[in-house]
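What follows is a short report on a single structure.
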Amino acid sequence: MSMSNIQIFQALRGTMSMLGERQKVLARNIANADTPGFVARDVDESHFQKLLNQSAAGNGRGVGRVTLQVTDSAHIRSSSTGNDPSRSYKIVSRPDSETTINGNSVVLEEQVMRVAETRMRYEAAAGLYEKSMGLLRLALSRPGR
């Protein structure tokens with residue numbers, strides 16, 4: 001079984017990838033804080049969450065939130081194509097609370113708060129990934145080591 005087939009790792013990688021993309025979008029917003037007519041953007045997390053839920057549920061083909069894992073060529077393969085949430089982000093316009101006279105809708109304080117929140121969420125996901133890897137290593141190690 002490949003590590004990429006374990007759902008917790010798929011979900012965490014997808015989440016970290018989405019958060020990395022969000023940091024790029026927020027950095028672009030900050031860079032364009034003085035550009036006339038620029039409208040702040042953000043990653044549509046509801047779209048990402050929907051894809052993540054579909055992926056975790058196996059598009060309705062799993063039992064609850066558990067899907068079939070193929071670890072041998074003799075196993076029956078699932079017919080789901082499997083949406084990879086780490087490759088699909090919807091960037092949407094998300095103006096901040098104020099718009100200047102020149103039409104710019106970026107408020108630096110709000111963008112910096114979003115950057116900090118995104119960083120904390122990324123660090124939490126990376127920590128969960130690391131802990132999950134440690135638990136997997138522990139489960140795979142020989143007794144007494």
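The values are calculated or read from the model by the stated rules, or taken from the named source; none is laboratory data. Computed from a predicted structure; not experimentally measured. Here the Cβ positions follow ideal geometry from the backbone for every residue, glycine too, while neighbour counts run over all protein chains shown.
Results for (1) touching a residue at least 24 places away in the same chain (Cβ under 8 Å); (2) within 23 Å of Gln10 (Cβ to Cβ); (3) not in a helix (DSSP H, G or I), shown as yes or no for each residue.
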| position | (1), (2), (3) |
| --- | --- |
| Pro95 | yes, no, yes |
| Asn104 | yes, no, yes |
| Met113 | no, no, no |
| Glu123 | no, yes, no |
| Tyr129 | yes, yes, no |
| Ser132 | yes, yes, no |
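If I filter region 14-27 for residues that are modelled with pLDDT of 90 or more, aliphatic (A, V, I, L, M) and exposed (fewer than 15 other Cβ atoms within 10 Å of the Cβ), do I get at least one hit?
yes
Just checking, which of Lys90, Lys50 is within 18 Å of the chain's Cα centre (by Cα), exposed (fewer than 15 other Cβ atoms within 10 Å of the Cβ), modelled with pLDDT under 95 and of a type in the set (Lys, Arg)?
Lys90
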